[in-house]
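The values are calculated or read from the model by the stated rules, or taken from the named source; none is laboratory data. Only a predicted model underlies this, so the values are computations on that prediction, with no experimental measurement involved. Here Cβ is always computed from backbone atoms with ideal geometry, including for glycine, and neighbour counts include all displayed protein chains.
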Amino acid sequence: MTRVDMLCDTDREMMLEFSRLCVGHLNNHLPLKIFLSLFQHFLDANVLKEIEKDRLIIEHAAAVFERGRGRAAVDTEEVFEMTKKTDREFIKKLSNPLFSMELRYDDFAEIRKKRIVSFSGMVFDLLGNWDDGFSFTDVVKRTFGEEGFRTVLNEVLHLYNVETRLLSNSITFHGPAGRARDLFAEKLFTTMEKAARDISVKYACRICAAEACFRDDTGSRQKAGLYEDS
């Protein structure tokens, strides 16, 4: 497996777990539970969109790195334009009588570009410390350490959360979903922020520690399987 493949696979695994955690939390919120099935299609398509965008960022940053150029050579505008193709596929997947969408890039373009820069920087930092014979765990420990990696993961997830909240302005929900949109959008953001903190702690600990673990609300470290809810 190449280093790029490893980064993409780790990101995909984390984002899918992040999405499952968000849905689990939302499902426990009684006022929204009845509407969750209506929004599930949007949530599933949105996280798959993000995974594809992350793959584009990783591949572009890695290509720049391999050419021996610095992170400033990452073409944020080019990557941003590439992500628009992913957006078009996203809209196709959302084809549903309950939704209509017209993307308003002015709402979220700057946040997406900021995330491209942040994510590219993380890729550059990791690749810059990835010597032959080093495992991914070795590289993360060498580059960030557990707390530093947690901070970086939380930052890129936070920017994704902000973009998702802004993206909701581009969507019109019809029927009963329309009446719940504002309530759902706000609850979704706070849920995603909590899930981002949980997943960042869990993955940083899992990758950097000898055993999978997480810290509970008291700060105590506990063992945890990869797909357990935190």
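Values for this structure:
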item	result
Qualifying residue in the stretch 215-230 (condition: more than 17 Å from Asn154 (Cα to Cα), in a loop (DSSP other than H, G, I, E, B) and either among the β-branched types (Val, Ile, Thr) or modelled with pLDDT of 50 or more (or both))	yes
The lone exception for Arg55 - which of (1) touching a Cys at 6+ places or on another chain (Cβ under 7 Å); (2) without any contact (Cβ under 8 Å) to a residue 40 or more places away in the chain it fails	(2)
Filter result (more than 13 Å from Glu193 (Cβ to Cβ) and touching a residue at least 24 places away in the same chain (Cβ under 8 Å)) within the stretch 14-25	Met14, Met15, Leu16, Glu17, Ser19, Arg20, Gly24
Residue in the stretch 148-173 that is modelled with the lowest pLDDT, counting only those that are out of contact with any strand residue (DSSP E or B) (no Cβ under 8 Å at 6 or more places or on another chain) and of a type in the set (A, V, I, L, M)	Leu167
Subset of the stretch 12-58 (residues that are among the charged types (D, E, K, R) and at pLDDT below 90)	Lys33, Asp44
Index of the failed condition, Asp11 passing every other in (1) closer than 30 Å to Phe134 by Cα; (2) more than 14 Å from the chain's Cα centre (by Cα)	(2)
Subset of the stretch 65-79 (residues that are within 16 Å of Lys113 (Cβ to Cβ), assigned to a helix (DSSP H, G or I) and over 19 Å from the mean Cα position of the chain (by Cα))	Arg71, Ala72, Ala73, Glu77, Glu78
Residue under evaluation Thr164, criteria (1) surrounded by fewer than 18 Cβ atoms within 10 Å (Cβ to Cβ); (2) of a type outside the set (Gly, Ala, Ser); (3) closer than 19 Å to Arg55 by Cα, criterion not met	(1)
Subset of the stretch 87-121 [modelled with pLDDT of 95 or more and hydroxyl-bearing (Ser, Thr, Tyr)]	Ser118, Ser120
Yes/no for Glu66 being of a type outside the set (Lys, Arg), at pLDDT 95 or above and over 27 Å from Lys92 (Cα atoms)	yes
Which listed residue, of Val123, Val152, Val139, is β-branched (Val, Ile, Thr), farther than 18 Å from Ile57 by Cα and surrounded by 18 or more Cβ atoms within 10 Å (Cβ to Cβ)	Val139
Check on Cys208, surrounded by 14 or more Cβ atoms within 10 Å (Cβ to Cβ), over 20 Å from Val23 (Cβ atoms) and modelled with pLDDT under 60	no
Cross-chain or 6+ apart pairs with Cβ under 6 Å, the stretch 59-85 first and free of Cβ contacts under 8 Å to residues at least 24 places away in the same chain and farther than 18 Å from Leu7 by Cβ, then of a type in the set (A, V, I, L, M) and assigned to a helix (DSSP H, G or I)	Ala73/Val64
Met1 vs. criteria at pLDDT 95 or above and either closer than 15 Å to Leu126 by Cβ or not charged (D, E, K, R) (or both)	no
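Here is a yes/no grid of residues against (1) among the hydrophobic types (A, V, I, L, M, F, W, C); (2) within 18 Å of Asn161 (Cα to Cα):
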| site | (1), (2) |
| --- | --- |
| Arg71 | no, no |
| Glu77 | no, no |
| Met82 | yes, no |
| Leu94 | yes, no |
| Phe99 | yes, no |
| Asp106 | no, yes |
| Arg112 | no, yes |
